[in-house]
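One structure is given here, and the rest of the page talks about it.
The values are calculated or read from the model by the stated rules, or taken from the named source; none is laboratory data. A quick note: this is a predicted structure, and the numbers were derived from the prediction, not measured. Using ideal geometry, Cβ is built from the backbone for each residue, glycine included, and neighbour counts are taken over all protein chains shown.
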Amino acid sequence: MNAPDPARLRVALVGAGYVAAHHLAALKRLDFVEVVGLCDANLEAAKTLAERHGIATVAPSLAGLAATRPQAIYVLTPPASHAAIALEALDMGCGVLVEKPMADTVAECEAMIAKAREKGLILGVNHSDLLDPVVMRALDAVRAGRIGDVVSVDILRSSEYPAYAGGRLPAQVAQGSYPFRDLGVHGLYTLEAFLGTLDHLEVRFQASGRDPNLRFDEWQARVEGEHGFGRLLLSWNARPMESRIVVRGTRGHIEVDRFLQVCRIHRVLPGPKFIGIVLNTVLGAIADVFRVPWNVVRFATGLLKPSPGIQKGAADFAHAARDNGRPPFDGDDALRVLRLLEPACADADARRAAEIEARYTKLEPVDALVTGAAGFLGRKLVAALRARGQRVRVLVRRPVAAWTGDADIQTVVGDLGDPRAVDHAVAGAGVVYHVGAAMRGSPRDFEAGTTWGTRNVIEACLAHATRRLVYVSSMSVLDHAGRVEGSVLDENAAYEPHAQRRGAYTQTKLGAEQAVRAAIRDRGLPAVILRPGQIFGPGAEKVTPNAVVALAGRWLAIGEGSQTLPLVYVDDVVDALLLAGEADVSGELFNLVDPATVTQQDYLERAKRKLGDELKLVRVPKKLFLGLAFGVEQLGRVLGRDVPLTRYRVHSLRPLANFDLAAARTKLGWTPRVGVRRGLDLTFGP
């Protein structure tokens, strides 16, 4: 290891995820620490975080930081990579702090401990929950005997994960036990702190199916401790979220609310039992009236740091590394927990691995593949293809029960963001109808479903020499706010110039369309692009039309009701898709809008007649909505956050109009067969 400088500790971080920001915040407050480098396989993420914290050196791997001569390495990557990175850092002569769990297996953990001892270096694990101020307060109370002898401890924790953002499947998607490895490890070492040595861990898990990318999302565990029983209840569905610890003793109990940073101690009071229960409840409620708002103020003013246990663990390890001392928690602490954790995770891991591999059985060739097949348009397309006698393959995130009895519909379960799943689905399909895309969710949902999804489809179609790709784009990619009133719109209309200001849907759909056009131009991709207007039909009655916003259970119609809508009936879009799959139009792009004009007010009146009191409609003048957007923008600036409503988005609500449909009519041979007038009758009634 580099000779320690008593004045400075040179620290480098591996991993630029959310936890890195907490480590950096803690390290930046220590005057003896110099953060010399940051690395992450996602170099852009590393650069962004490094720029924010003034870190000069950024690299895609740990080897790229060797020149910075770090003395300590903080490993903040997903658990599967912990051992390899830690061993590399120890070989570089650096002390190592690893986020929990220290490794995925006992063997990896033992190898890390052996390497640290061989090199004479400090090795720590960040068991951060034990450094949370309210947990420390509860532990101090137990050790002081304030609730008598401990009888049992319950830990209740609910959580949520960022959406899968596409690319190689991360551990939370591919590893069945990931939720328990992630939060169960916190629970086990916390139970150990209260109950002493743990033994006989029993784990149960369930799959609710709410998130197809998080297979087992409900976990319960029971363990025997030296001083009592411990139980864990972990949920990725229960709301509102909670993080609580309940410690029961012979003379009282302790309730810890980690989200509110409150530690309540209820002791046996003299007098009648019922009176004691009431007094404990009343006194606790009175105390909460003051301490909860005070904690909010502390958090808002920076006196209470976010994720305080993570930050304290980062700082405490830095002190230990500088002083050649013992870290708060070392490899042996991690190993005890991992010896309980590893066998408890084996069944879930094996079941998930088998489930994923079962998706990749050999498939017979089919006439067509439909992505997004479970959606409104996708289901209609599948039905039309089957009505023509075609064999169809569908790529869906969950199996669709209605298709299980049809031997000529092959189902591939997978995510559009997963390159392997898409490649498997595309192989052997004559025509690929790429209808799927993210319609809602976080930016990561849009990145996976639209950006990665389209990229994966392009690569798979090229790799398997697909005869035709029919890509469904969106009118959202066009310039709405800057359009000149009355101008004619054709396939050469201007793209949205400020997609990032419109939001993730527009941003990713624009990028996806441009990627398809580039592949047509530069790589010979045999593709056709269709841009439908607003698709409507039976089953989509509750979808808001253009210039209408759903908010707080109401439809807010923005601007004048006389503005026309770019409508197209769903069956007419299916007709265009089928033509695009067969006609000699490779390389072309077509706008699909019904030539008949329908005002927003006419559409809303029909919807109101059909939906009745279920539809609460409010018309808002555009200027009033712009004023609201201005206020939301100012709030966003104060909070330093992106906001869902801006003046630019309000201007962009204006529906497109005046379409030149000559290209679709003459080249594709498409004219609406049903038409918007009959379509409205079929959807809402005459």
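Out of V223, V246, V268, I need the residue that is of a type in the set (V, I, T) and under 15 Å from D140 (Cα atoms). Which one?
Exactly one of V223, V246, V268 is of a type in the set (V, I, T) and under 15 Å from D140 (Cα atoms), namely V246.
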(request) Filter the stretch 404-445 for residues that are surrounded by fewer than 20 Cβ atoms within 10 Å (Cβ to Cβ), over 18 Å from the mean Cα position of the chain (by Cα), outside any strand (DSSP E or B) and among the small types (G, A, S) and give the result. (result) G405, A407, A427, G428
(request) Filter the stretch 150-165 down to residues that are in contact with a Lys or Arg (Cβ under 8 Å, 6 or more places away or on another chain) and part of a loop (DSSP other than H, G, I, E, B) and give me whichever is nearest to A350 (Cα to Cα). (result) Y164
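Each row is one residue, and each column tells you yes or no for (1) modelled with pLDDT under 95; (2) within 37 Å of the chain's Cα centre (by Cα); (3) closer than 26 Å to G378 by Cα.
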{"residue": "I558", "(1), (2), (3)": "yes, yes, no"}
{"residue": "Q563", "(1), (2), (3)": "yes, yes, no"}
{"residue": "Y569", "(1), (2), (3)": "no, yes, yes"}
{"residue": "V574", "(1), (2), (3)": "no, yes, yes"}
{"residue": "L579", "(1), (2), (3)": "no, yes, yes"}
{"residue": "L589", "(1), (2), (3)": "no, yes, yes"}
{"residue": "E605", "(1), (2), (3)": "yes, no, no"}
{"residue": "K610", "(1), (2), (3)": "yes, yes, yes"}
{"residue": "K616", "(1), (2), (3)": "yes, yes, no"}
(message) With the requirement that a residue be among the polar types (S, T, N, Q) and closer than 30 Å to D104 by Cα, what does the stretch 348-371 give you?
(response) T361
(request) Please identify the pairs in which a residue from the stretch 638-661 that is within 20 Å of P621 (Cβ to Cβ) has its Cβ atom under 6 Å from the Cβ atom of a residue that is in a helix (DSSP H, G or I) and among the charged types (D, E, K, R), counting only partners at least 6 apart or on another chain. (result) T646/E633; Y648/R501; S652/R502
(message) Given the options A519, A504, A540, name the one that is within 23 Å of A465 (Cβ to Cβ) and touching a residue at least 24 places away in the same chain (Cβ under 8 Å).
(response) A519
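Can you spot a residue in the stretch 462-482 that is assigned to a helix (DSSP H, G or I), of a type in the set (A, V, I, L, M, F, W, C) and under 26 Å from R215 (Cα atoms)?
No, the stretch 462-482 contains no residue that is assigned to a helix (DSSP H, G or I), of a type in the set (A, V, I, L, M, F, W, C) and under 26 Å from R215 (Cα atoms).
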(request) Return the total of residues in the stretch 431-466 being under 18 Å from A580 (Cβ atoms) and not aliphatic (A, V, I, L, M). (result) 6
(request) Only helices (runs of 4 or more DSSP H) wholly contained in the stretch 494-608 count here; list those with 1 or more residues that are under 19 Å from H434 (Cβ atoms) and of a type in the set (K, R). (result) 504-523
(request) Could you please find all residues in the stretch 341-380 being free of Cβ contacts under 8 Å to residues at least 60 places away in the same chain and hydroxyl-bearing (S, T, Y)? (result) T361
(request) Select, from R251, R267, R239, R244, the only residue that is over 21 Å from V135 (Cβ atoms) and among the charged types (D, E, K, R). (result) R239
(message) Of all residues being in contact with a helix residue (DSSP H, G or I) (Cβ under 9 Å, 6 or more places away or on another chain) and assigned to a loop (DSSP other than H, G, I, E, B) in the stretch 658-685, which is surrounded by the fewest Cβ atoms within 10 Å (Cβ to Cβ)? Just the residue, please.
(response) G685
(message) Please go through the stretch 150-197 and give me each residue that is surrounded by fewer than 20 Cβ atoms within 10 Å (Cβ to Cβ), in contact with a strand residue (DSSP E or B) (Cβ under 7 Å, 6 or more places away or on another chain) and either hydrophobic (A, V, I, L, M, F, W, C) or under 19 Å from A238 (Cα atoms) (or both), ordered by number.
(response) V151, D154, L156, S158
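Results for (1) under 37 Å from the mean Cα position of the chain (by Cα); (2) buried (at least 17 other Cβ atoms within 10 Å of the Cβ), shown as yes or no for each residue.
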site	(1), (2)
R204	yes, no
G228	no, yes
W236	yes, yes
R258	yes, yes
N280	no, yes
I286	no, no
F299	yes, no
G302	yes, no
P306	yes, no
(message) Could you tell me how many of the residues in the stretch 230-279 are among the acidic types (D, E) and part of a strand (DSSP E or B)?
(response) 2
(message) of a type in the set (A, V, I, L, M), farther than 22 Å from G17 by Cβ and either modelled with pLDDT of 95 or more or surrounded by fewer than 24 Cβ atoms within 10 Å (Cβ to Cβ) (or both): which single residue out of I122, I85, I73 fits that description?
(response) I122
(request) For R146, state whether it is assigned to a helix (DSSP H, G or I) and in contact (Cβ under 8 Å) with a residue 24 or more places away in the chain. (result) no
